[in-house]
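Inspection log for the structure reproduced underneath, given as structure tokens.
Values in this text are rule-based calculations from the coordinates and carry no lab data. Computed from a predicted model, the values in this text were never measured in an experiment. No Cβ is skipped: glycine too gets one built from the backbone with ideal geometry, and neighbour counts run over all protein chains shown.
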């Protein structure tokens with residue numbers, strides 16, 4: 001175990017770096033979701049270029065936007081950016097989708113995948129090279145406690161009234177109180193002093209760009225150690241999946257009488273505050289380091305249920321049919337972690353095995369009426385995970401209860417509100433009879449990831465949004481570790497290498513990506529409990545625990561774009577020369593960009609006279625290792641290091657005959673390296689196909705996934721050439737035929753999860769590539785992907801009907817993914833694209849995909865070589881209507897990032913530039929740059945390798 005691994009007490013510090021890189025993929029950039037203009041002078045929390053590198057502020061998990069970097073050549077002022085709308089969506093949805101890779105894609109769409117555009121649905125990459133010019137609230141008031149009361153919820157115009165009493169310290173005399181408010185109307189304010197004096201005001205001004213309200217008093221407020229700022233206000237229960245919002249759903253059983261409804265939908269209510277949307281629900285000091293305690297109460301209909309972070313304290317009747325529900329005082333926490341929900345809820349309940357303060361902790365999964373039984377799978381995991389984390393962190397779970405709530409409309413996967421975690425329904429509910437097996441894995445992981453945040457992020461919070469990795473990185477790693485603890489048979493570390501590290505490699509190797517930091521451990525948590533922390537505090541804790549200079553050790557890994565590739569020279573028998581270089585997927589690293597020296601753990605196996613793995617480290621640009629077994633050796637054994645290995649072509653050929661000497665993780669890593677090296681020009685597609693054709697007898701699901709993902713990437717770049725496409729299909733069918741025959745169609749009653757997943761992948765791939773026997777059998781059974789290919793009109797009709805009427809939680813996702821496989825141009829243009837972008841009303845609800853799910857069909861079209869251009873044309877022709885439909889800036893940004901990067905011609909970049917030249921792109925300007933970077937990489941790959949690929953396919957009998 002290397003020094004960092006020792007400090008963390010984990011499997012591998014280098015593998016942890018992979019987890020942290022993945023954590024980055026869960027965090028979107030601020031610009032991807034801000035509504036502010038690109039003007040450094042007016043943008044709150046603005047950052048600008050510094051030292052030639054972009055800085056990040058921003059948002060969260062989900063899920064999440066691809067970022068761009070310094071290479072764009074933009075000036076400092078015009079490209080400063082902000083975080084007011086940097087909402088939380090690095091929540092596990094990104095990681096959840098990564099945990100069950102392609103959870104929103106059909107097998108056939110995988111076969112034409114763009115560069116990780118599937119996981120990109122909910123992933124993003126971020127930087128922590130932040131400038132010091134953050135624009136924060138004035139420091140003259142500091143909150144310590146909020147008492148928030150909401151009443152008069154109005155279900156026709158969706159308004160409510162509220163009062164918030166904020167205990168504050170006034171640190172300097174002032175006539176003005178400035179705090180955050182967005183779409184909130186203030187009606188009265190007063191400040192009560194210690195001595196009982198009261199200063200009142202109705203003089204309010206609003207800065208919508210800064211998302212602030214200023215309360216001006218006639219007389220100066222003196223410096224006070226204790227005062228109470230009381231504000232009366234009115235808010236909106238919006239439909240934008242941010243702040244305090246309403247979610248529409250169709251009840252599966254009759255709902256309580258008071259539940260709001262219209263001709264098509266019923267409604268529930270919940271909150272989404274991370275990162276900067278608490279201000280949409282109530283006026284507050286909405287910055288992560290302005291922590292306070294919270295008392296919360298809300299008036300609701302008596303036949304509905306209210307939830308919040310803490311247990312219910314009391315319920316008192318207010319008027320006929322209504323009562324006020326109040327909750328216990330919360331621990332000290334950031335505003336973005338406050339949460340509440342109102343709806344026709346029911347729950348399933350279990351308890352932790354461990355006792356906390358002499359009591360077991362109740363754990364509940366809440367759903368709207370009729371769905372609670374589908375919460376059992378999550379409930380099987382949550383108490384175990386709470387106990388497990390309490391033990392390994394050596395800190396007891398801090399709250400008296402843990403609730404998990406399924407929310408019908410959600411921008412991403414989940415949100416770690418302390419004590420009340422909210423989830424997209426597919427990430428917390430699982431129907432043992434109807435749900436797709438892959439959601440079994442993702443639900444378990446997402447539950448673990450969000451519960452990890454109860455310590456990492458909630459107990460200890462980043463000082464500012466530039467330190468968001470503090471929340472995300474460690475939650476990513478220990479989420480996987482918890483699932484490995486509970487389900488050792490799932491082999492999740494192989495899944496981590498296949499899904500997590502591979503996604504991170506691809507994100508980390510584009511010029512538009514940026515470096516990140518790495519999270520910490522128990523002593524760090526204890527020292528900073530209920531507070532905020534910066535990077536330096538973590539390095540200090542890790543250095544103290546390990547006795548190593550962690551700052552120096554990790555510096556290049558966290559502060560430099562890209563990652564190393566280790567090039568191997570076997571010119572001299574019995575030894576190898578290894579040289580590290582910066583890897584970029586575009587393959588265009590300049591000499592001045594290749595001066596970084598990483599600390600690289602080589603983990604070599606195959607030294608003569610030695611058994612097992614030798615823990616050597618490369619600490620210089622180049623070194624020679626002697627005593628190498630010329631018959632067999634491997635670097636990065638077990639795939640614990642976050643770097644690529646470029647073996648000579650003859651070594652790859654040799655390894656193809658020695659697959660039994662490679663672990664599952666080794667196979668995945670070598671395939672991934674070979675594919676990435678081909679894409680970037682360090683290797684060739686011919687070498688990749690030559691290597692993977694040796695895997696026809698493979699039995700491991702994750703290895704097959706890596707093999708087929710790599711072929712899919714090739715197909716996505718070269719598949720618009722009909723002859724090459726046919727050749728790759730022929731290659732794929734030959735490669736998988738024996739495995740398809742072996743695994744068959746029938747599920748055994750006691751079949752293991754991984755076997756089920758392998759069957760789905762192999763049969764789906766066979767059908768998508770035209771395997772005759774599989775196609776015939778699939779049509780008999782109506783496999784959606786194959787039916788779409790062979791009878792698209794009928795399949796579309798059936799799938800749309802099933803999408804609208806299904807009672808299965810994940811059924812809508814699966815139907816949308818199937819529809820993305822359609823190749824008929826007229827059906828795509830005249831039927832499916834209007835279905836995707838129609839707004840309801842006036843369109844029937846059966847002909848309008850909800851905005852939160854639009855990316856599922858959008859990514860299917862983007863991965864479909866026929867539909868990709870048609871979708872882009874539709875987007876251009878109907879831009880204003882499309883933006884209106886997408887609505888939420890997160891959703892808009894996500895759609896841009898999944899719909900555009902699959903093109904393989906330079907003309908597409910020119911077309912994108914021309915179209916957006918006069919458009920408002922504030923919500924996705926950095927994502928646009930990344931999209932173009934990815935297209936450039938694909939263009940270079942295609943132009944470089946198309947003829948050699950054609951020659952290889954011809955020589956090997958796959959093309960005439």
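Extension gain, residue 200 to residue 559: 0.36 nm times the residue separation minus the Cα-Cα distance gives 124.3 nm.
If R0 is 35 Å, the Cβ-Cβ spacing of residue 594 and residue 529 corresponds to a FRET efficiency of close to 0.25. With a Förster radius of 45 Å applied to the beta-carbon distance between residue 319 and residue 884, the computed FRET efficiency rounds to 0.75. Extension gain, residue 356 to residue 650, is 99.9 nm, computed as 0.36 nm per intervening residue step minus the present C-alpha separation. The value obtained for the stretch 787-837, namely the Cα convex hull volume divided by the number of residues, is 66 Å³ per residue. Dimensions of the stretch 823-932 based on its C-alpha atoms, expressed as ranges along the principal axes with the largest first, amount to 38, 31, 21 Å. Projecting label points 7 angstrom from Cα along Cα→Cβ for residue 522 and residue 252 puts them 4.1 nm apart. For residue 907 and residue 264, the difference between the fully extended length at 0.36 nm per residue and the C-alpha to C-alpha distance is 227.1 nm.
Can you give the convex hull volume of the alpha carbon atoms of the stretch 141-342 per residue, in Å³?
Numbers: hull volume 26.0 nm³, N = 202.
Each residue corresponds to 129 Å³ of Cα convex hull volume.
Using per-residue counts of other Cβ atoms within 10 Å, averaged over each peptide, order 550-563, 665-678 from highest down. If you can, show how the numbers build up before the last one.
Values: 550-563: 19.8, 665-678: 25.1.
Ranked by mean Cβ neighbours within 10 Å, highest first: 665-678, 550-563.
Taken along the Cα-to-beta-carbon direction at a fixed 7 Å, the label points for residue 312 and residue 797 span 5.0 nm. Model label sites at residue 943 and residue 825, defined 7 Å from Cα along the beta-carbon direction, differ in position by 2.6 nm.
Please sort 217-228, 796-807 by packing, taking for each peptide the average over its residues of neighbouring beta carbons within 10 angstrom, highest first.
The densest-packed peptide leads the list: 796-807, 217-228.
With both residues required to sit in the stretch 141-342, DSSP beta bridges show an antiparallel share near 90%.
Among 276-286, 261-271, sorting by the average number of other beta carbon atoms lying within 10 angstrom of each residue, highest first, gives 276-286, 261-271.
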